[in-house]
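Right, one structure below, let's go through it.
The values are calculated or read from the model by the stated rules, or taken from the named source; none is laboratory data. Worth saying up front: this structure is predicted, and the values here are computed from it rather than measured. For neighbour counting, all protein chains shown are included, and Cβ atoms are generated from backbone atoms with ideal geometry for every residue, glycine included.
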Amino acid sequence: MEIKDLFLPAVYAEFIGRIELIRPELKPLWGKMNAAQMLTHVAEPFRIANGDVKPRMEWRGRIFGCMLKGLVTKPEPYPKNSPTSKDFIFPEDVGFVNSKALLIKLLNRFHLEGPEGVTTGPHPFFGKLTTVQWNSAMSKHLDHHLTQFGA
């Protein structure tokens, strides 16, 4: 797997096209989230990367984050069914249309603001990330979940 640069127009357009393929009735190839939950789950880290929210470091991140930070820069995809923080799990009643629109809006902002717009605050699990690491983390996470839904 190649890590794709979300700041490049062609890569951005590819991801927008994949997001547009997601439909509310799609079933995941693995995991428990429905399509709306997945879109909200993927949007939330963009809120952090864009600097809209500043979560505290998780206790697991304080212990293991530095050791696992390489996961965001290695080209290997994220493992299926990896554990997720409770802060990134959303209830069944999340609205599909609003979730999709929010993700597209946040991805658009991440892309347009470029490296200068990326937060200098820590990731809630991995801690301090460079702009390149944030870009890699966002790209890999988005790719992971779009693939989960066949897009």
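Structure values in brief
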item: Leading residue by the ranking (surrounded by the most Cβ atoms within 10 Å (Cβ to Cβ)) among those in the stretch 4-35 that are among the aromatic types (Phe, Trp, Tyr) and part of a loop (DSSP other than H, G, I, E, B); result: Phe7
item: Of the criteria (1) of a type outside the set (Val, Ile, Thr); (2) modelled with pLDDT under 90; (3) assigned to a loop (DSSP other than H, G, I, E, B), which one Leu68 fails; result: (3)
item: Of residues in the stretch 109-120 being assigned to a helix (DSSP H, G or I) and touching a residue at least 24 places away in the same chain (Cβ under 8 Å), the one surrounded by the most Cβ atoms within 10 Å (Cβ to Cβ); result: Phe110
item: Some residue of the stretch 78-88 being assigned to a helix (DSSP H, G or I), at pLDDT 95 or above and exposed (fewer than 13 other Cβ atoms within 10 Å of the Cβ); result: no
item: The stretch 121-150, residues that are hydroxyl-bearing (Ser, Thr, Tyr) and touching a residue at least 40 places away in the same chain (Cβ under 8 Å); result: Ser136, Ser139, Thr147
item: Residue check, Phe125 surrounded by 13 or more Cβ atoms within 10 Å (Cβ to Cβ), touching a Gly at 6+ places or on another chain (Cβ under 6 Å) and modelled with pLDDT under 85; result: yes
